[in-house]
Amino acid sequence: MDMNAYLSMFIDESNDHLQSLNENLLQLEGNPEDLSIVQSIFRSAHTLKGMSATMGFEDLAALTHEMENVLDLVRNGKLKMDSFIFDTLFKGLDALEAMVQDIVGGGTGKADVTSIVASLQTILKGDYKTVSSAAQAAAKETVAPSGSAGRASGSVLLDEFQSSILLQSMESGHQPYYVQVSVEESCVLKAARAYMVFDLLERNGEIVKSDPSVQDLEQEKFDRSFTVFTISTLSADQLNEQITNISEIASVTVTPLDAESLAALTSAPAAAAVEAPEKPAAAEPEADAKASGGSELSRKAAPSTQSAPAAMNKTIRVDIDRLDTLMNLFSELLIDRVRLEQLASEIKRSELTETVEHMSRVSSDLQNIVLKLRMVPVDSVFNRFPRLVRDLAKSLDKKMELVITGADTELDRTVIDEIGDPLVHLIRNSGDHGIESVEERVAAGKPETGTIHLRAYHSGNHVFIEVEEDGRGINQAKVLQTAIKNGVVTEEQARNLTSEEIQMLIFAPGFSTADKISDISGRGVGLDVVKTKITSLGGNVTVTSAEGKGTKFSVQLPLTLSIISAMLIKLGSEKYAIPLSSIVETGIIQRENILNVHGNRMIQFRNSIIPIISLSGVLQSPDYDESQEQETEIVVIRKGDKIAAVMVDEFIGQSEIVLKTLGKYLTNVYAISGATILGDGYVALIIDPNALIK
């Protein structure tokens, strides 16, 4: 049987199951006693295992099988969940997602998951340990290996997962060591010496963890010393001797580890009740037997925990390329429809006019359907963020929660595919720079747990996505100081900036106020990448902040990138289109009412003074001279909270237009976002209002 025919279906369904596993595990972490959630997790894991085995992805199936065994003990009340089990299952999910992504990229889906499997088997045997925080702190003072250069006292060296690997190696008769190495001050190629030490250790065993990380060692991001946890076939003396023999090594300390020292060096959750589970040999047949029919029996035995059966899901999966083709075909149809409407108005035959009007109504309904086919709830992007915030809180040692509203808000699939990464960056930035540590929050009179709000809602022809947290807010003095230091603004310009303008400086290229560069919020790259991506989608991003209270990022996005409503205007003989979503209103002004304020042309608009822009001047229109007219038509446009007026020659009217790109040779044309073909066959350029407002 040719499995390639089913590969696309396998990938789609695997991603659905993995997302379901992530969501349900997060729910279970908040309510560990709810066995109905465990049943759902078990069913998803079992289905994923069966699919993987059928498709021949043995590593996927093997890892899922081990996770399934642990879940089977939990659902049968033989094992109680704790932080170590949750962390291990989440690591397993990460590995499964990586394998599925490898398959998406044309790979075989193979991966080395022996360490995760070993950790899961340790859970099945009931051999892993938990140490209370007080005992752990006391043990670190007496047992932690000494001589770690530059390390803060009592810092965590190993997590539970790494500790379980070392513990299991001891049970198998191997000896783990803690190795501290210093290179000579005169050493020029420190990374090369570190590589030689790693090569020696890997030839005689296995490295479990290094500090700094391997990547930092390769890039020489360390002073003179580094530490390694390793499992070796050599004795301590042999290791010491062989590492010392490497040139330019100043000192070596090899400390054998035992169960007591491992417990002292391990970051462990508070002790949890763990009943002695059955051995895997007894658990596996039970798991398989129940998976094949037991889930239905379990459901009947516990009806109170199950909701009513859902209605049949009448949906089909459609390839996005087919929807793109459908949209392109409809775009051509729309251009012909506009052409027919123009011809009918010229010929003025009642039969033709009626037929064209009917075709217009039908095509409008068809347009709505085509656009809705491409619309996807933002939930497909938002559903990855609860896990992201959970992992973020653990890695930063902070308490934070994510509150999502408006996840059913719909966006064009093209926008959905592109908006994920910018939102990941904004949420990480909120967790890293925004939310304070528990100690800081308590000192400031705030709840220990910081809150990140993720909202989505419709407004006109746009969707707004907001990321807001109740953290420390933006330190404007620090932002201004950094901006001047980096040459973003001069000291003279800085004195004239408003509060809002200072906050927007964080979007400048290369801008970062991080005291310490980390992987969490962009390694100091700043938020310019986010703004560039959102702007390329025809959107806009703004920030508002109050120091000590929090920060809100607001992202404005177009509903669709294919068909929009626009106002057609003329400049002399040339026609242009301005998107209606950016237009506040239209009007006529007398030229004598145009004011000159500090060299800038302004007009009075509804009790405020706004700038007025000459579109013919911006576009250098050759056959239109606005100075010859006593009055001129204006279009008032909006970009976020900013408003400006644009002078035009003549209004043509409102029309549905199809956006077309200008091709590879006309990229980044100022104030032009694309083009459209009008009903008379001529091309009209589409104005980008965002470019006209500074």
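Restricting S581, S621 to those that are of a type in the set (S, T, N, Q) and touching a helix residue (DSSP H, G or I) at 6+ places or on another chain (Cβ under 8 Å) reduces the list to S621.
Annotation note: Cβ proximity below 7 Å between a residue of segment 194-221 that is among the basic types (K, R) and a residue that is surrounded by fewer than 19 Cβ atoms within 10 Å (Cβ to Cβ) (sequence gap 6+ or interchain) occurs for K221/P212. Within segment 179-188, restricting attention to residues that are among the aliphatic types (A, V, I, L, M) and in contact (Cβ under 8 Å) with a residue 24 or more places away in the chain, which residue is farthest from E206 (Cα to Cα)? Filtering segment 179-188 for residues that are among the aliphatic types (A, V, I, L, M) and in contact (Cβ under 8 Å) with a residue 24 or more places away in the chain, the one farthest from E206 (Cα to Cα) comes out as V183. Report, by residue number, each residue of segment 650-694 that is under 15 Å from I563 (Cα atoms) and basic (K, R). Within segment 650-694, K660 is the sole residue that qualifies. Quick one: is E202 in the same structural domain as L234 (by TED's automatic domain parsing), of a type in the set (D, E) and assigned to a loop (DSSP other than H, G, I, E, B)? It is false that E202 is in the same structural domain as L234 (by TED's automatic domain parsing), of a type in the set (D, E) and assigned to a loop (DSSP other than H, G, I, E, B).
Just one residue in the set K91, K49 is buried (at least 21 other Cβ atoms within 10 Å of the Cβ) and not assigned by TED's automatic domain parsing to the domain that holds I165; that residue is K49. Residue pairs whose Cβ atoms lie under 6 Å apart, separated by 6 or more positions or on different chains, with the first residue in segment 463-483 and assigned by TED's automatic domain parsing to the domain that holds G550 and over 13 Å from V403 (Cα atoms) and the second at pLDDT below 90 and among the charged types (D, E, K, R), are G473/E547.
Kindly provide the set of residues from segment 590-618 that are surrounded by fewer than 10 Cβ atoms within 10 Å (Cβ to Cβ) and hydroxyl-bearing (S, T, Y), ordered by number. Once the filter is applied, which keeps residues that are surrounded by fewer than 10 Cβ atoms within 10 Å (Cβ to Cβ) and hydroxyl-bearing (S, T, Y), segment 590-618 yields only S608. Here Q238 meets the list (1) on the phi < 0 side of the Ramachandran plot; (2) under 36 Å from the mean Cα position of the chain (by Cα) almost entirely, failing just condition (2). Filtering segment 313-357 to residues that are among the acidic types (D, E) and more than 19 Å from R374 (Cβ to Cβ) leaves D336, E341, E346, E351, E354, E357.
In segment 586-609, the count of residues that are modelled with pLDDT of 85 or more and under 38 Å from the mean Cα position of the chain (by Cα) is zero. Scanning for something part of a strand (DSSP E or B), among the hydroxyl-bearing types (S, T, Y), at pLDDT 85 or above and surrounded by 13 or more Cβ atoms within 10 Å (Cβ to Cβ), does segment 630-644 turn up at least one residue? Yes, because at least one residue in segment 630-644 is part of a strand (DSSP E or B), among the hydroxyl-bearing types (S, T, Y), at pLDDT 85 or above and surrounded by 13 or more Cβ atoms within 10 Å (Cβ to Cβ).
Looking only at segment 163-194, count how many residues are among the aliphatic types (A, V, I, L, M), part of a helix (DSSP H, G or I) and crowded, with 20+ Cβ neighbours inside 10 Å.
Residues of segment 163-194 that are among the aliphatic types (A, V, I, L, M), as a first pass: 165-167, 170, 179, 181, 183, 188-189, 191-192, 194.
Now drop any that are not part of a helix (DSSP H, G or I), which leaves 165-167, 170, 191-192, 194.
When the remaining residues are screened for being crowded, with 20+ Cβ neighbours inside 10 Å, the result is 165-167, 194.
So the count comes out to 4.
Please go through segment 26-46 and give me each residue that is within 20 Å of V403 (Cα to Cα) and surrounded by 22 or more Cβ atoms within 10 Å (Cβ to Cβ), ordered by number. Correct list: L28 only. Taking segment 252-267, which residues are outside any helix (DSSP H, G or I) and either touching a His at 6+ places or on another chain (Cβ under 8 Å) or surrounded by 15 or more Cβ atoms within 10 Å (Cβ to Cβ) (or both)? Result: V252, T253, V254, T255, L257, L265, T266, S267.
Taken over segment 363-409, the criterion of being β-branched (V, I, T) and within 15 Å of the chain's Cα centre (by Cα) is satisfied by V378, V381, V389, I404. If the condition is being within 15 Å of T230 (Cα to Cα) and among the hydroxyl-bearing types (S, T, Y), then segment 164-218 contributes S164, S169, S172, Y177, Y178, Y195, S210, S213. Among residues of segment 666-694 being over 32 Å from the mean Cα position of the chain (by Cα) and not in a strand (DSSP E or B), the one that is surrounded by the most Cβ atoms within 10 Å (Cβ to Cβ) is L678. Could you check, for segment 554-572, whether at least one of its residues is more than 30 Å from I652 (Cα to Cα) and at pLDDT 80 or above? Yes - at least one qualifying residue is present in segment 554-572.
Does E332 satisfy the condition of being acidic (D, E), assigned to a helix (DSSP H, G or I) and more than 41 Å from the chain's Cα centre (by Cα)? Spelling it out, it is not the case that E332 is acidic (D, E), assigned to a helix (DSSP H, G or I) and more than 41 Å from the chain's Cα centre (by Cα). In this structure, L234 does not satisfy being modelled with pLDDT under 85, surrounded by 17 or more Cβ atoms within 10 Å (Cβ to Cβ), over 15 Å from E185 (Cα atoms) and of a type in the set (A, V, I, L, M, F, W, C). Screening the candidates I520, I506 for the property of being surrounded by 13 or more Cβ atoms within 10 Å (Cβ to Cβ), at pLDDT below 80 and either out of contact with any strand residue (DSSP E or B) (no Cβ under 7 Å at 6 or more places or on another chain) or among the aliphatic types (A, V, I, L, M) (or both) yields one hit, I520.
The values are calculated or read from the model by the stated rules, or taken from the named source; none is laboratory data. Keep in mind that what you see is a predicted model, and the values were worked out from it rather than measured. Please note: Cβ atoms are built from the backbone with ideal geometry, for glycine as well, and neighbour counts cover all protein chains shown.
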